[in-house]
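**Student:** Structure below; questions to follow.
Read the figures in this text as sums done on the coordinates, not as results from a lab. For clarity, every value in this text was computed on a predicted model and none was experimentally measured. Cβ sites come from the backbone with ideal geometry, for glycine too, and all protein chains shown count toward neighbours.
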Amino acid sequence: MRNSILTYCFQFIVLVLLQVLVANRILLWDIITPYIALFFIISLPVALEKWIQILACFLLGLTIDFFENSGGAHAAACIVAIYLKPFFIKLFYQSDEAVRDLYLTKEKPFLLIAVLICLIFCHHIVLFSLEFYDISFWKSILEYTLWNSLFTFIILILCIAIFRNQPRYA
């Protein structure tokens, strides 16, 4: 238990530093920035107590907001993502009630892809809606959401394939 807590703390720090120091400096076509920090939300076990998940994701978003000076948009988007994660896992992994974590396998890659797309899209729509803060920019919100979701999805699939390719059961 202690080892997993240290692992998640280390992962939190590394992902925040990667997001703030590396990913936020990437700006493709003045629109696309990868959101590597979502890997932390994806890697948190569903069996972990809900208040710990919410607190960890709030701190993740708040830390990124602190460095980006974005006024809490990342914190709100991270909380929405962690709230929706169990819903999407239950929706797509209906037969695998024992699945505790999201991982990539040869048998069911499309289930992971569906969960990731939904989580990333929900996170990004909340994030960009709060950053633009005006519904009259709905075209820009959708454009940023779609392009950033696509790029973040590719990055997260690579991260999951490299770091989380073993199934874990409750």
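**Student:** To the nearest 20 debye, what is the magnitude of the charge dipole of segment 2-163 about its Cα centre, counting +1 on the Cβ of each Lys and Arg and -1 on the Cβ of each Asp and Glu?
**Tutor:** Computed charge dipole of segment 2-163: roughly 360 debye.
**Student:** Using 1/(1 + (r/R0)^6) with R0 = 41 angstrom and r between the beta carbons of SER4 and SER140, what's the FRET efficiency to the nearest 0.05?
**Tutor:** E(calc), rounded to 0.05, equals 0.55.
**Student:** Calculate, for VAL46 and VAL14, the FRET efficiency according to 1/(1 + (r/R0)^6) with r their C-beta to C-beta distance and R0 22 Å; round to the nearest 0.05.
**Tutor:** 0.50
**Student:** Another one. Considering only GLN53, ILE5, TYR83, whose Cα is most displaced toward the positive end of the charge dipole of segment 2-163, charges sitting on Cβ of Lys, Arg (+1) and Asp, Glu (-1)?
**Tutor:** Farthest towards the positive pole: ILE5.
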